[in-house]
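**Q** Next up is a structure, given as structure tokens.
Quick note: the coordinates plus some simple rules give every number you see, no bench work behind them. This structure is a prediction, so every number in the text was calculated from the model and none was measured. Cβ coordinates were reconstructed from backbone atoms using ideal geometry, including for glycine residues, and neighbour counts include every protein chain displayed.
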Amino acid sequence: MGRPDWKSKLLIVEDEWLLAEQIASALTTAGFEVVPPVPSIATAFSVIDREKIGAAVLDIRLKGEDSFELARELQRRGIPFVFASGHARLEIPADLREHVVLAKPIRADEMIETLHAIIGR
């Protein structure tokens, strides 16, 4: 499979190191350019300020914090994203419920297909 023709990078926000590496590996194999996964919201904000991010995969719960403010900032910047979570969809604030939620454990094929859809490929 060839590399996607979009010029920006994919951000993975996940605090479980092994899962983050598995997601990154699957997406890299599928041809996405992936920035190194980040385990915290603060680090994710830093990444979106310095990198050209084209899409993101956000874990909902990260070491006691949630990713909703980050999701709102991505939405404000026009950066598409999906949530990845083992939590109930009802925990997502109403203003963010339109976004795709991939259930953990994440299936690589479903994630790749969803990312292609949200970035318009």
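**Q** Can you order the peptides 31-37, 108-114 by their average number of other Cβ atoms within 10 Å per residue, highest first? Write down the numbers at each step before the final one.
**A** Values: 31-37: 17.4, 108-114: 15.0.
Top of the packing list down: 31-37, 108-114.
**Q** How are the Cα pair distances of the chain distributed, in percent, across 5 Å bins from 0?
**A** Result, from short to long distances: 2, 11, 25, 26, 23, 10, 2, 0 percent.
**Q** Could you size up the charge dipole of the chain around its Cα centre, putting +1 on the beta carbon of Lys and Arg and -1 on that of Asp and Glu, and report it in debye to the nearest 20? Could you put the intermediate results ahead of the total?
**A** Values: 15 positive and 19 negative charges, 66 e Å.
Roughly 320 debye, rounded to the nearest 20.
**Q** Where both partners of a DSSP beta bridge lie in segment 47-121, what percent of those bridges are antiparallel, to the nearest 5?
**A** Values: 2 of 9 bridges.
Roughly 20 percent of the DSSP beta bridges within segment 47-121 come out antiparallel.
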